[in-house]
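Contents: one structure, followed by commentary.
The values are calculated or read from the model by the stated rules, or taken from the named source; none is laboratory data. All values reported here derive from a predicted model rather than from experimental measurement. Counting neighbours? That spans all protein chains shown, and the Cβs are built from the backbone with ideal geometry, glycine included.
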Amino acid sequence: MGLTSRKRLATLIEESSAEGEHTLRRSLTASNLVLLGIGAIIGAGIFVLTGTAAAQHAGPAIVISFVLAGMGCLFAGLCYAEFASMIPIAGSAYTYGYATLGELVAWIIGWDLILEYLFAASTVAVGWSGYVVAFLHRLGIDLPTSLTTAPFTVEGTHEVVATGAILNVPAMFLVLLLTALLVRGIRESASVNNLIVYVKLAIVLLVIGFGATYVDPANWTPFVPEPTGKPGQFGWNGIAAGAGVIFFAYIGFDAVSTAAQEARNPQRDLPIGILGSLAVCTVLYILMSLVMTGIAPYGELDVPHPVDVAISKAGPALSWLAMLVDIGAIAGLASVVLVMLMGQPRIFFAMSRDGLLPPLFSHVHKRFQTPHVATIITGSVAALIAGLFPIGLLGELVSIGTLFAFVIVCAGVWVLRRRDPDAPRAFKTPMVPLVPLLGIATCGYLMIGLGAATWMRLGIWLLIGFTIYFGYGRRHSRLASEP
């Protein structure tokens with residue numbers, strides 16, 4: 001068996017229905033999965049990126065940017081939905097790659113997904129800490145800077161320097177608290193996520209509903225501002241650039257697929273969870289961007305809290321909403337961390353069960369039926385990263401890791417349609433190969449735009465991964481040991 005050896009679909013389907021000590025509890029419904037996707041997607045993007053992209057790139061036409069970015073995610077989402085309905089087991093894009101493109105590609109994407117889930121959990125936890133500190137300051141409570149700031153920061157593009165702080169304690173606290181919740185059970189974790197999602201959806205709808213009554217249509221003129229001559233600044237090029245920026249506000253819907261082995265009816269419910277969460281979030285993003293640019297001139301939204309700026313333009317009548325927006329942002333970021341911390345252990349679980357990682361990563365708690373060892377390891381590492389490093393060091397790595405996963409999944413759907421066209425598919429991606437090719441082109445274009453430094457860091461990360469694979473995974477692979 002070589003590096004391109006693939007797992008048979010029959011084997012994967014058999015694993016998905018197997019019972020035993022390595023079985024996860026199936027307790028998630030379609031609505032749970034939709035809310036998991038919304039919990040992963042709606043975070044800092046709707047509260048921060050909308051204003052930045054409008055002010056720097058698209059103006060009021062940020063609405064069109066959201067449509068374009070949503071279409072790009074839709075291509076990848078349709079491909080994820082087909083795979084999730086065919087191969088309803090933990091592992092997400094890692095498992096899909098194993099079935100279509102071989103073991104080495106599966107390892108690369110599994111290793112790469114760590115950038116999305118584990119590092120994203122750390123990155124968003126740091127953002128959550130910043131919102132909490134600001135919210136407590138609004139209440140007259142000031143926490144010590146030395147305990148709310150990372151001890152390291154980045155100057156320029158690569159130089160790491162000390163800040164004099166000790167640890168970002170709030171960020172570490174959030175990660176460890178959510179890790180304990182995930183060890184306790186997926187049903188309990190989903191219930192907490194559902195509650196958080198309801199809270200932040202209610203606040204987003206309040207902003208849209210009350211803000212719409214204060215919209216001044218003059219702020220939407222011109223809807224597409226004239227280009228300034230600088231690359232990506234207004235005009236139709238600015239709309240495209242804005243789509244690239246806000247694309248990352250959609251990151252997270254693929255985490256739904258990592259819960260495949262805990263879904264009650266995965267063939268039906270996983271596509272609903274993936275595509276349903278994408279649809280809901282796209283509509284909310286479009287409405288929020290219309291309201292924000294309608295209340296405040298787009299040029300004034302280039303701030304860390306653009307929603308607050310927009311609300312302040314409405315005068316004292318909406319001052320009560322500012323506090324709720326902060327609560328919504330805090331809740332939104334917490335649910336993103338929860339879903340990311342849920343996704344990563346299940347990637348480890350799948351890789352360990354295939355022999356590519358040590359057996360301890362696939363241990364399942366006898367009582368809670370969760371991958372508790374992988375969850376504790378993931379949470380501990382994520383808490384350490386969140387406590388030590390700033391957002392800027394990790395953000396673009398998260399983006400390139402996610403886009404790379406999308407490219408692999410889109411390619412995998414196309415390959416498997418040609419290689420095994422008669423395989424059972426509860427959900428079929430329409431217009432193959434057009435949709436997969438559009439997904440590859442869209443995600444590949446956005447990857448190119450992330451710059452040489454990010455590509456270099458990705459290369460270093462993959463080199464570390466190859467060392468582990470050829471040092472351990474290749475020699476312990478269950479597939480390689482088969483006759």
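For the stretch 87-144, give me each residue that is part of a loop (DSSP other than H, G, I, E, B) and of a type in the set (V, I, T).
Answer for the stretch 87-144, where residues must be part of a loop (DSSP other than H, G, I, E, B) and of a type in the set (V, I, T): I87, I89, I141.
When only residues in the stretch 85-139 that are at pLDDT 80 or above and acidic (D, E) count, which is nearest to A329 (Cα to Cα)?
Checked the stretch 85-139; the qualifying residue nearest to A329 (Cα to Cα) is D112.
Please enumerate the residues belonging to the stretch 296-321 that are surrounded by fewer than 17 Cβ atoms within 10 Å (Cβ to Cβ), of a type in the set (A, V, I, L, M) and more than 24 Å from the chain's Cα centre (by Cα).
Within the stretch 296-321, just A317 meets the criteria.
Which pairs have Cβ atoms under 7 Å, sit 6 or more apart or on different chains, and link a residue in the stretch 221-246 that is part of a loop (DSSP other than H, G, I, E, B) and modelled with pLDDT under 80 to one that is surrounded by fewer than 23 Cβ atoms within 10 Å (Cβ to Cβ) and among the β-branched types (V, I, T)?
Sorted first by the residue in the stretch 221-246, then by its partner, the list stays empty.
Within 27 Å of the chain's Cα centre (by Cα), crowded, with 22+ Cβ neighbours inside 10 Å and closer than 24 Å to T52 by Cβ: is that true of V245 in this structure?
yes
Is it the case that V224 is touching a Ser or Thr at 6+ places or on another chain (Cβ under 8 Å) and either closer than 20 Å to Q56 by Cα or crowded, with 19+ Cβ neighbours inside 10 Å (or both)?
Here the answer is no, as V224 does not meet what is asked.
Please enumerate the residues belonging to the stretch 416-440 that are over 20 Å from the mean Cα position of the chain (by Cα) and without any contact (Cβ under 8 Å) to a residue 60 or more places away in the chain.
Scanning the stretch 416-440 gives R417, R418, P421, D422, M431, V432, P433, L434, L437.
Among the residues in the stretch 52-74, are any within 30 Å of L356 (Cα to Cα) and touching a Lys or Arg at 6+ places or on another chain (Cβ under 6 Å)?
no
Need a quick list: helices (runs of 4 or more DSSP H) entirely within the stretch 371-483 having at least 3 residues that are at pLDDT 85 or above and either among the aliphatic types (A, V, I, L, M) or in contact with a strand residue (DSSP E or B) (Cβ under 8 Å, 6 or more places away or on another chain) (or both). Spell out the reasoning first.
On the way: elements: 372-388, 391-419, 434-448, 452-468, 478-481.
The helices (runs of 4 or more DSSP H) meeting that bar are 372-388, 391-419, 434-448, 452-468.
Residues are listed down the side, and each one gets a yes or a no for (1) within 24 Å of A134 (Cβ to Cβ); (2) free of Cβ contacts under 8 Å to residues at least 12 places away in the same chain; (3) out of contact with any helix residue (DSSP H, G or I) (no Cβ under 7 Å at 6 or more places or on another chain); (4) surrounded by fewer than 17 Cβ atoms within 10 Å (Cβ to Cβ):
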{"position": "I251", "(1), (2), (3), (4)": "yes, no, no, no"}
{"position": "V256", "(1), (2), (3), (4)": "no, no, no, no"}
{"position": "V280", "(1), (2), (3), (4)": "no, no, no, no"}
{"position": "V283", "(1), (2), (3), (4)": "no, yes, yes, yes"}
{"position": "V291", "(1), (2), (3), (4)": "yes, no, no, no"}
